[in-house]
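The values are calculated or read from the model by the stated rules, or taken from the named source; none is laboratory data. In this text, all values refer to a predicted model and were calculated from it rather than measured experimentally. Note that each Cβ is placed from the backbone with ideal geometry, even for glycine, and that neighbours are counted across all protein chains shown. Only protein heavy atoms, including side chains, enter the accessible area calculation; ligands, DNA and RNA are left aside. Shrake-Rupley method; radii C 1.70, N 1.55, O 1.52, S 1.80 Å.
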Amino acid sequence: GNSALGDYSSRVPLLVVDPRRAGGREIADTVRSIDLAPTLLELCGCPPATAMDGSSLVAQLDGATSTPRVAYNETGIWLNDIPGM
């Protein structure tokens, strides 16, 4: 998270292996870390908690297109002077 320019620090590879699904798929859509728990719960056949943030990515694993998601990332770069640093 030390880059505020471009999307290099916000791209983190995530591999989900489900032996019940054949082949592999790359999802180029924006996904978020809060989407991971609902995805894993759906793959296990468990319902997510009603107050849980995020949305399951299982449909995208099966090839469906996703609705756009808003995602934020944090950087380690200070854009102004911090007293004492």
Given a 1.4 Å probe and heavy atoms of the protein chains only, how would you sort Leu40, Leu15, Leu57, largest accessible area at the top?
Leu15, Leu40, Leu57
Calculate the FRET efficiency for Val17 and Asp53 from the Cβ-Cβ distance with a Förster distance of 30 Å, rounded to the nearest 0.05.
0.80
